[in-house]
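One structure is given below, encoded as structure tokens.
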Amino acid sequence: MLPKNRPPAHPGEVLWEEFLKPLEISQSHFAQHLGGTWTQPKVSEIINKKRRITEIIALDFADAFGTSPEFWLNLQANYDLWFARQYHETVPLLDEFKTNPINRPKKASSRAHLSGGRLSKRHSH
């Protein structure tokens, strides 16, 4: 559940406050441990809320800390959703759902069609 009066913790805050700081791991050491394209400035951007957690970043963090990638992605999603709700204008409920929420169309059109057990790339626009 999202807090109502304050934003949830940014994943960068969690990275710093719950992982790196208590374990006395520097940003540089963490970046070196992750390897590849990781640099201290990239880690710093996450900690300072200037870079989002992507799926790839979540996988790297999950590997390094023994957590799940979903942990990191959920932190980011909750943070983003809280801010989106601050500016969202509510859309009215469809009339068809006001009287009976189960009153859904029997056949919804889909953008993808099954073909021979595989998803084809045909789209109806």
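Just so it is clear, none of the values below were taken in a lab; they were calculated from the coordinates. Small disclaimer: the values here were computed from a predicted structure and weren't measured. Note: ideal-geometry Cβ built from the backbone for every residue, glycine included; neighbour counts use all protein chains shown.
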> After finding the eigenvalues of the alpha carbon gyration tensor for the stretch 65-104, what semi-axes result from the square roots of 5 times each, listed largest first in whole Å?
Replying inline: 33, 17, 4
> When you count, for each residue, the other Cβ atoms within 10 Å and take the mean per peptide, how do 7-14, 20-27 rank with the highest first?
Replying inline: 7-14, 20-27
> Taking the Cα atoms of the stretch 11-87 alone, what are Rg (to one decimal) and Dmax (as a whole number) in Å?
Replying inline: 12.3, 39
